[in-house]
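Written out below as C-alpha cells is the structure these notes cover.
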Amino acid sequence: SLEVTSGRVSTILAQSSRPCSSASSRARYRWLRFHAGTVALARAGILNDRRHTSTMRADLERHAPDYRGHQYYVDAPAVRDRFVITASGLASVDFARAIFSELSVFSPADERIWFDMFKHGRLPDAAI
C-alpha cells in the first residue's frame, strides 16, 4: 500500500495548488505542484534514507535545508523505494507507471504495452 506520511506534505501540496489569475502565475504554480512533492518529502526527512529522484537535485538542497539523502539520489525519471515513489515533474508517464507497478495494477506485459502507448505514442500491433 502507499502511505501519506505527514500532514505537512499534504499542506504543502495543497498550498501549491491554489488557483491563480494570470497565465504566468498559473504556469509557476503548475510547476510547484509537480515539484513540491519531492521537496516536501525531503523537508520531512523521508528521502534521507531512500533512493529517490526529483526534477532538479539542487532544488532539494536549496528548498529543504535539512535534506541529507544526497547519496540516495538517482538520476532517473521515477524511483520506487519502500512504498515511496518520487519522479521528475517532467516524467508524468514514468510516475504513473511506477504507481501502477507498486499497486500491481497490470500484468508485466500489459504494463509494457501501456507504457509504450502513453510514453512513446505506439499502439500495440494487435490493435492496428
Query - Among the residues listed as VAL84, VAL39, VAL105, the single one being at negative phi, open to solvent by 50 Å² or more (accessible area, probe 1.4 Å), among the β-branched types (Val, Ile, Thr) and at pLDDT below 95 - result: VAL105
Query raised in the report: Hey, does the range 62-81 have a residue that's small (Gly, Ala, Ser) and open to solvent by 70 Å² or more (accessible area, probe 1.4 Å)?
Result: no
Query raised in the report: Does the range 92-104 contain at least one residue that is out of contact with any Leu (no Cβ under 6 Å at 6 or more places or on another chain) and not in a helix (DSSP H, G or I)?
Result: yes
Report task. Among what's in the range 108-128 and is part of a loop (DSSP other than H, G, I, E, B) and either modelled with pLDDT of 90 or more or not basic (Lys, Arg) (or both), pick the residue that is nearest to VAL84 (Cα to Cα). Result -> GLY121
Query raised in the report: PHE118 is checked against (1) loosely packed, with under 15 Cβ neighbours inside 10 Å; (2) free of Cβ contacts under 8 Å to residues at least 12 places away in the same chain and fails just one. What number does that condition carry?
Result: (2)
**Report entry** Residue ID - farthest from the chain's Cα centre (by Cα), chosen from residues in the range 45-83 that are outside any loop (DSSP other than H, G, I, E, B) and within 21 Å of SER101 (Cβ to Cβ)
**Finding:** TYR72
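The values are calculated or read from the model by the stated rules, or taken from the named source; none is laboratory data. Values in this document were obtained by computation on a predicted structure and should not be read as measured data. Using ideal geometry, Cβ is built from the backbone for each residue, glycine included, and neighbour counts are taken over all protein chains shown. Note: areas computed on protein heavy atoms with side chains; ligands, DNA, RNA excluded. Shrake-Rupley method; radii C 1.70, N 1.55, O 1.52, S 1.80 Å.
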